[in-house]
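The next block holds one structure in the form of C-alpha cells; read it before the comments.
The values are calculated or read from the model by the stated rules, or taken from the named source; none is laboratory data. Bear in mind the structure is a predicted one, so any value in this text is a computation, not a measurement. Note that we place each Cβ from the backbone using ideal geometry, even for glycine, and neighbour counts take in every protein chain shown.
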Amino acid sequence: MPNKDIIFIIPTPDVFMKETLGSIPPIGLIYLHNELKRHGFSSVIFDCSKPGNTYEALKRRIHEDRPLCAGFSFGTETRFDAFGLARRLRRDFPTLQLLAGGPHPTLADMDTILHVPELDVLIRGEGERTLVALMQRLRDDLPFDDLHGITFRRHGQPVRNPDCAPIADLDALDSPYTAREIIHQYPYFFQDRDGQRHPMAVIFTGRGCPFKCSFCGTALFWGRRSRMRSNDNIIAEIKFIIDNYGIHHFYFLDDTFNLNVKKLRDLLERIITELPPITWLAGVRIDNMTFDLFELMKRAGCAKVTYGIESATQELVDELIQKQIDLNKVPLIEAWLKTLNIDRRCFFIIGLPNETEAQAENTIRMIEKLGGDTTLSILRIYPGTRIEEIAREKGILRPEFNWSQFDLSHTYLRKIIGSSPIYIENLSWYQISCYLFKWANSGQSFFSIWKQIPKAVIDIRSFGDIKKLFIMGLAFIRVKGRRLFG
C-alpha cells in the first residue's frame, strides 16, 4: 500500500504571484486534499518554492510514499516549469500516473494533451468530484475513460469527456483551515497603514462568475453560474479560524465579493453582530456599489477594497474589455472611500486591442489623478479567452503557435514579464515600457522590475531578449530624464 495516494506538485510560482501574493495558502489544493481525505485517500503537497524542495527531494518523496499518482496544479505562467517536471518524472518513474489540473490544463486541455505526452490525464475546472472518482478507479485498477471532467488519450488519440456537473452545495466542502498541517506551512500576512504585519486567512465565499471580461478565464474555469456558500457556513468558518488560529484579519479572495448584494448585506450584518472585531479586504465591482453598502462594509471591518477600472476610455471598457462599468462613477466611488476611510487598489491594463497612444496616455493620466495604490498590467494573452481569439484573428499569435512549446517570438523576458504571450498591436514594446515607468514614477506601489534584472540576464535565451532589455533601458532613461529635466 502507498504511504500517500497522491502527491500534489506546485511548480515554482511566477514572479508576479510571488511578489504580490507571497506565501498565500494553496486553497484549491487544500480543498482537494480534504475531499480526498473524506473518501479515504491520503495526499501531500510538494511545493517547489519551499526551501529544500529540489527535484532530487521530490524523487526521494515519491520513492518513500509510492503514490498511485502525482498531480500538477498550475496556471499559464508556470506551465513550462510543470511540463519540465513532468518530463523528468516520466523518465525516472515511467509507470507513475501523471495528472494535471488548474487554470491552464482546464483552458488549454486539448493543446496540452496533444503536445505534452508525459501527462496522462487532465482534470478540468472544479476538481473535487472528478479527482475522487479518478482515484477510486486507479486504486481499484478500473478504467476511467467514462469519467466526466477529464481530458486524456485513448489509443494515443486525445479524448475530451463532457464537463463534470458543478458542485451545487459548496457548504458540503470542509474548510481548508481544518488542514492545519498544510496551513501552518503558509504563513500569510496583512500589512496595515503603519506597516505592521498581521496574520491573515484567505476565504472564498463562492464559485462561478457571470461576467464576460475578455481577458479573464475565471468564468471558463468555474462556470458562468454563480454558486454561493451559505452565510451560516461562512460565519462558521470565520469563527473556526479565530478560535483555532487566533487570526482576526481576512482576505475574501472572490473575484466579485459584492456579486449578490442582498446576501452580502446579510453577511455583513452577521459579522457585526456575531463575531468579535475583524478586519478584511475584498475585490468588488463598482457598478452595483452604493455609499450605504460601503458604509455597512466599513462597520463590518472592511479595511481595503480592490476594483478594476482597466482603461480611461469608455469605448475600450465597453467593447473590448466588456467590463460593464461606467467610468463616470469612478470619482464618486473614490469620494465615498475617502469619506469612509477605506483603502483601495485600482487595476489598469495597458496594450489593449486597438488602443491608441492617446488612449494609453489618458489611462496614465487617470492613474496619476487618482493617486494612491494602483496596479498597471501589460495585457497578456490567456488560453480560452476572447483576447486569445482576437490575437489569433489578427495574427498576433502566429498560426503555428501552441501553448505547450516555448516560443521566443511571443515571450517577453520571462523572468520579468512572465511566460504568457504579450498582446502587442498598436503600442510598441518601447511605448509599453515607457508607460510602465511613468506609472512607477507616479508614486504607486510598483512591482520592482529592476530587482529581477539579474535573473532575466541569466535567463536570456536569444538576441531578442537582449534587445528587449535594451529597449526597456532606453524607456527608463527617457522617463527619468523627462522627470528630472522637464
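Where residues in the stretch 343-362 are of a type in the set (V, I, T) and in contact with a helix residue (DSSP H, G or I) (Cβ under 8 Å, 6 or more places away or on another chain), which of them is farthest from K323 (Cα to Cα)? Show your work before the answer.
The initial filter retains those residues of the stretch 343-362 that are of a type in the set (V, I, T), namely 349-350, 356.
Filter once more, keeping what is in contact with a helix residue (DSSP H, G or I) (Cβ under 8 Å, 6 or more places away or on another chain): 349-350.
Working: I349: 12, I350: 15 Å.
Only one residue tops the list, namely I350.
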Check: How about the stretch 263-300: which of its residues are more than 16 Å from T339 (Cα to Cα) and part of a helix (DSSP H, G or I)?
Finding: K263, L264, R265, D266, L267, L268, E269, R270, I271, I272, T273, E274
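Go through the stretch 305-332 and give me each residue that's surrounded by 19 or more Cβ atoms within 10 Å (Cβ to Cβ) and in a strand (DSSP E or B).
In the first step, residues of the stretch 305-332 are kept if they are surrounded by 19 or more Cβ atoms within 10 Å (Cβ to Cβ); the result is 305, 307-313, 316-317, 320-321, 323, 325.
Residues satisfying the conditions are V305, Y307, G308, I309, E310.
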Note to self: I need the full set of residues from the stretch 333-345 which are surrounded by 14 or more Cβ atoms within 10 Å (Cβ to Cβ) and out of contact with any Gly (no Cβ under 9 Å at 6 or more places or on another chain), in order please.
What the structure shows: I333, W336, L337, L340, I342
Next item on the list: Would you check which residues across the stretch 346-371 are surrounded by fewer than 17 Cβ atoms within 10 Å (Cβ to Cβ) and on the phi < 0 side of the Ramachandran plot and list them?
Entry: F347, T356, E357, A358, E361, N362, R365, E368, K369
Next item on the list: Determine whether R60 is outside the structural domain of T218 (by TED's automatic domain parsing), farther than 22 Å from F221 by Cβ and either touching a residue at least 12 places away in the same chain (Cβ under 8 Å) or hydrophobic (A, V, I, L, M, F, W, C) (or both).
Entry: no
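Out of everything in the stretch 284-299 that is touching a residue at least 40 places away in the same chain (Cβ under 8 Å) and under 26 Å from the mean Cα position of the chain (by Cα), what residue ends up being surrounded by the most Cβ atoms within 10 Å (Cβ to Cβ)?
Let us first name the residues in the stretch 284-299 that are touching a residue at least 40 places away in the same chain (Cβ under 8 Å), namely 285-287, 289, 291, 294-295, 297-298.
Now restrict to residues that are under 26 Å from the mean Cα position of the chain (by Cα): 285-287, 289, 294, 297.
Values: R285: 17, I286: 21, D287: 14, M289: 20, F294: 20, M297: 24.
Checking each candidate, the answer is M297.
Find the residue count for the stretch 245-272, including only residues that are surrounded by fewer than 16 Cβ atoms within 10 Å (Cβ to Cβ) and more than 14 Å from I234 (Cα to Cα). So that I can check it myself, show each step before the final result.
Our first condition is that a residue be surrounded by fewer than 16 Cβ atoms within 10 Å (Cβ to Cβ); within the stretch 245-272, this holds for 245-246, 261-262, 266, 269, 272.
Keeping just the survivors that are more than 14 Å from I234 (Cα to Cα) gives 245-246, 261-262.
The number of residues fulfilling the criteria is 4.
Can you say whether R386 is of a type in the set (D, E, K, R) and under 20 Å from L436 (Cβ atoms), as far as the supplied structure shows? Steps first, answer last, please.
Values: of a type in the set (D, E, K, R): yes; under 20 Å from L436 (Cβ atoms): no.
Judged against the criteria, R386 is not a match.
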Item checked: All positions within the stretch 190-230 that are charged (D, E, K, R) and touching a helix residue (DSSP H, G or I) at 6+ places or on another chain (Cβ under 9 Å) -> R207, K212, R227, R229
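Which ones in the stretch 93-152 are among the basic types (K, R) and outside any loop (DSSP other than H, G, I, E, B)? Reasoning before the result, please.
Keep residues of the stretch 93-152 that are among the basic types (K, R), which gives 124, 129, 137, 139.
Within the stretch 93-152, R129, R137, R139 qualify.
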Margin query: Just checking, does the stretch 260-283 include any residue being closer than 15 Å to T205 by Cβ and polar (S, T, N, Q)?
Written below: yes
Check: Which residues, counting only those in the stretch 350-394, are assigned to a strand (DSSP E or B) and within 14 Å of N426 (Cβ to Cβ)?
Finding: I350, I378
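Looking only at the stretch 179-189, which residues are assigned to a helix (DSSP H, G or I) and surrounded by fewer than 17 Cβ atoms within 10 Å (Cβ to Cβ)?
Within the stretch 179-189, the first condition is being assigned to a helix (DSSP H, G or I), and the residues that meet it are 180-183.
Once the filter is applied, which keeps residues that are assigned to a helix (DSSP H, G or I) and surrounded by fewer than 17 Cβ atoms within 10 Å (Cβ to Cβ), the stretch 179-189 yields R180, E181.
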Check: Which condition number does R154 fail, the rest of (1) loosely packed, with under 14 Cβ neighbours inside 10 Å; (2) closer than 27 Å to I9 by Cβ; (3) touching a Lys or Arg at 6+ places or on another chain (Cβ under 9 Å) being met?
Finding: (3)
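Would you please name the residue that is farthest from L376 (Cα to Cα), looking only at residues in the stretch 387-436 that are aromatic (F, W, Y) and at pLDDT below 85? First the steps, then the outcome.
Of the residues in the stretch 387-436, the ones aromatic (F, W, Y) are 401, 403, 406, 412, 423, 429-430, 435.
Applying the additional criterion that residues be at pLDDT below 85 yields 406, 412.
Numbers: F406: 26, Y412: 17 Å.
Out of the qualifying residues, it is F406.
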